[in-house]
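K.L.:
Handing you a structure now.
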Amino acid sequence: MHTIEFLTNPALASLFWPGVLTAILIAIVGGSLSWLVVVKRLSFIGQGISHSAFGGVGLALVLGLGGATTGASLASLLVVLAFAIASAIGISALTDKRYANSDVAIGIVLSITMALGFLLHHRAQLIASAAGRFPPPSLEQVLFGSITTIGWADFATAALASLAVLGVTWWYRRAIIFWMFDESTAPAFGVPADRIRVLVLILLATVVVVTMKLAGVVLATAVLVLPAAAAMKLSLRLGIVIVWSITLTLVAAMVGLVAAFEFDIQPGPAIVLALGVAYGLAHFFGPARG
């Protein structure tokens, strides 16, 4: 089997293990926050953030960021994350100020940042060609992900970001849960609803940016939607839903990676399809279906 060879051959293991471990990290952090996206119906906002992050990827490439060291990888992630957070806050501001409804606000920010991302990516290619450097990742790799572009520096960066997301989520868990179930009355009980909304969007943006190298810009939000959607067909208790979300994401990540190794396909679409199968099984056979 290619999977065993890729993960045990000393000449290949260092190329694929960072991607495998990063997938496990993504499964844990994505599965942990998935319930929030589904219950609060933030999936379309998450999609807008992930597509908007493409502009940040283009900006990081033009700045020459991204490399084999942890420092370069962290710098690239911070630029993309700052861009994604700015996009998320922009969507929130447009929606809250009633200049446009949320769908229109997402469409505005998404289309502008995607167009900017394409132009910046093309500019980065020209700069790399003129300087005689290696070309930046292709559009296909950026949009749909690639396991071979994930190195140990990227894994270390993803680990730091994942710990930060899980720590902040745990610290603010009570305020987030209150805001999630009753946003309109939360301020009367001392919960700053506007700040919690921005905090949640920042957490989601961080998960999306961490997921992008494996699943790509287009499919990054799948790990924030499908796990809890499937888990809520298996149980309606929040704690059990979170456990199911993490478990399903871990299983789908492993199935998707094995499929990618065996059939030489991209891991992002393979993982998302595995999550889709899990949702289908839970929908038709889960005890909480309906």
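K.L.:
So how do 6, 178 rank on accessible area, 1.4 Å probe, biggest first, that is with the largest at the start? Can you show the working numbers first?
P.N.:
Working: 6 40, 178 70 Å².
Reading off the accessible areas and sorting them downward yields 178, 6.
K.L.:
Give the peptides 25-32, 263-270 in descending order of average Cβ contacts within 10 Å, highest first.
P.N.:
The most tightly packed comes first, giving 25-32, 263-270.
K.L.:
Debye sum, Cα scatterers, the stretch 76-165, no solvent: what log₁₀ I/I(0) at q = 0.13, 0.15, 0.16, 0.25 1/Å?
P.N.:
-0.62, -0.79, -0.88, -1.24
K.L.:
If a helix is a whole DSSP H run, which ones in the chain reach 15 Å or further along their own axis (Cα) and hold a mean Kyte-Doolittle hydropathy of at least 0.0? Can you show the working numbers first?
P.N.:
Values: long enough: 10-39 (45 Å, 1.93); 43-62 (30 Å, 1.15); 70-96 (38 Å, 1.76); 102-131 (42 Å, 1.30); 152-171 (28 Å, 1.23); 193-219 (32 Å, 2.02); 238-263 (37 Å, 2.19); 267-285 (27 Å, 1.48).
Passing helices, by number: 10-39, 43-62, 70-96, 102-131, 152-171, 193-219, 238-263, 267-285.
K.L.:
Which value, in Å² rounded to 10, gives the accessible area of residue 5 with a 1.4 Å probe and all protein chains present?
P.N.:
Per-residue accessible area (residue 5): approximately 90 Å².
K.L.:
Can you send over the solvent-accessible area of residue 212, 1.4 Å probe, protein chains only, in Å² to the nearest 10?
P.N.:
Number for this one is 20 Å².
K.L.:
Considering the options 135, 3, 231, tell which one lies farthest towards the positive end of the dipole of the chain, charges being +1 on Lys and Arg and -1 on Asp and Glu at the Cβ, about the Cα centre.
P.N.:
231
K.L.:
Now, a different point. Share of Cα-Cα pairs in the chain beyond 24 Å, in percent?
P.N.:
51
K.L.:
Still on this structure, I have one more. Given 159, 188, 108, which one lies farthest toward the positive end of the charge dipole of the stretch 101-204, if we put +1 on the Cβ of every Lys and Arg and -1 on the Cβ of every Asp and Glu?
P.N.:
159
K.L.:
With point charges of +1 on the Cβ of Lys and Arg and -1 on the Cβ of Asp and Glu, referenced to the Cα centre of the chain, which listed residue (64, 21, 211) lies farthest in the positive direction of the dipole?
P.N.:
211
K.L.:
Taking only the alpha carbons of the stretch 135-258, what extent do you get along each of the three principal axes, in Å, biggest first?
P.N.:
Computed over the stretch 135-258, the largest-to-smallest principal extents equal 54, 33, 23 Å.
K.L.:
Which value, in debye to the nearest 20, gives the size of the charge dipole of the chain about its Cα centre, when Lys and Arg are +1 and Asp and Glu are -1 at the Cβ?
P.N.:
Dipole of the chain, to the nearest 20 debye: 640 debye.
K.L.:
Let me ask you something else. Check residue 234: other-chain or 5+ apart residues with amide H under 5 Å from its amide H, H built from backbone geometry?
P.N.:
288
The values are calculated or read from the model by the stated rules, or taken from the named source; none is laboratory data. The structure displayed is predicted, hence computed values, not measured ones. Quick reminder, even Gly has a Cβ in these numbers, built from the backbone with ideal geometry, and neighbours come from all protein chains shown. The accessibility values were calculated without ligands, DNA or RNA, using every heavy atom of the protein model including side chains. Shrake-Rupley method; radii C 1.70, N 1.55, O 1.52, S 1.80 Å.
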